[in-house]
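Down below is the structure, laid out as structure tokens.
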Amino acid sequence: MSRFSVTRSSLGAQEVVILRDSEGLREVHIARRGATVLVIGVPLDGALHNIADAFLNEKELLPHKGSRFAIMTPFANRIDNARYTFEGKPYDLQPGAVGADRAIRHGFLRAELFDVTNEQDGAERASATFSTQAIRPGVHPGYPFALDFSVTFTLDARGLSLETQTRNVGDHAAPTFFGWHPYFRLSDSPIDSWELQIPAQGVIAAREDFIPLPGAKAWQSLDDADASLDFRQRRSVGAVPLNNTFTDLQVDDDGKARTHLRDPHTGIGIALWQESGVMLAFTSDTNERDPRKSVALEPMESIPDAFNREDCAAAITLAPGATRRFVCGVEFTS
């Protein structure tokens, strides 16, 4: 029997794919619904310890409230007033909605049932590819574009990696970018004592509703920002509430920028890596279930409200027939 395997399970009526490392005693569970990670199991004191603060049951998974481990595309996080302009044309993602109801975030795929289009196992790794063609004209108000999307989850001896492919199958250029919304609960110790390091030189300055400030005002050097946001050197999270996008990520020799999170009480640690984009760190203060019990580390191709920003237009525009790739992952460092 190979070290790495792919099997199936379920969460209620929801089909789940399990990637397992029999030697490393690690496993990852991914629901077809939303391609949503449910378990990242690592060994601790002779048992499997789940470091994913994910949905606990089908009742939580279906509405996807809290966006735990959400696959966020064609946009990640917020779009100001649910409106945007692309190539000179205005679009409304929530026609008819007014006031506080005009709020949209995290894309369109959280509740979609993905197809599992490829599985591989063997001595070195196990992987599963989740694909969807759900983004089509007429399906989502204010988004008349056609995208095919897939994400491949791979478990190997180092950890879990994600590779996404977004292809524009329409006749017109489309605005699109990807983000992932994992929450990590390393232990039941208070997150204030966990150690965080973010290899960023900048942070996005934003309004109270987390929409970035206009133009160059949004791009702030950490040297000029509030000192509580500076995690360039590893230190305790402390009592600060984080919901901030970090930019200008510095890469290691292998081309990966690594955000480190560690619980010094248990020794459990991870490194969330990405080759490009930005990192949004969120201390889950506003979660309805278990607030401030986990830390979300969100690798994203671009910043919130990128659809409304001239300085992001080139990065988010995908030409007809073109494909964009984004890779990120979680290394087990404990």
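The values are calculated or read from the model by the stated rules, or taken from the named source; none is laboratory data. Keep in mind the model is a prediction, meaning the values are calculated, not measured. Heads up, the Cβs are rebuilt from the backbone with ideal geometry, glycines too, and the neighbour counts pull from every protein chain shown.
Just the residues that are under 21 Å from P190 (Cβ atoms) and either among the aromatic types (F, W, Y) or modelled with pLDDT under 95 (or both), please, taken from region 212-237. Result: F231, single match.
Every residue, every condition in (1) within 28 Å of F282 (Cβ to Cβ); (2) not hydrophobic (A, V, I, L, M, F, W, C), yes or no:
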| position | (1), (2) |
| --- | --- |
| S5 | no, yes |
| R8 | no, yes |
| G12 | yes, yes |
| A31 | yes, no |
| F55 | yes, no |
| E60 | yes, yes |
| K65 | yes, yes |
| T73 | yes, yes |
| A76 | yes, no |
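The one condition from (1) free of Cβ contacts under 8 Å to residues at least 40 places away in the same chain; (2) crowded, with 23+ Cβ neighbours inside 10 Å; (3) polar (S, T, N, Q) that N77 does not meet is (1). For F231, the conditions (1) within 24 Å of G24 (Cα to Cα); (2) not in a strand (DSSP E or B) are fulfilled apart from (1).
Looking only at region 69-101, residues that are modelled with pLDDT under 95 and within 20 Å of T176 (Cα to Cα) come to 0 in all.
Is it the case that some residue within region 98-114 is aromatic (F, W, Y) and in a strand (DSSP E or B)? For region 98-114, residues aromatic (F, W, Y) and in a strand (DSSP E or B): absent.
Of everything in region 143-173 that is surrounded by fewer than 18 Cβ atoms within 10 Å (Cβ to Cβ) and within 18 Å of the chain's Cα centre (by Cα), the residue that is farthest from A271 (Cα to Cα) is Q165. For R68, the criteria (1) of a type in the set (K, R); (2) closer than 21 Å to P175 by Cα; (3) touching a residue at least 60 places away in the same chain (Cβ under 8 Å) hold in every case but one, which is (2).
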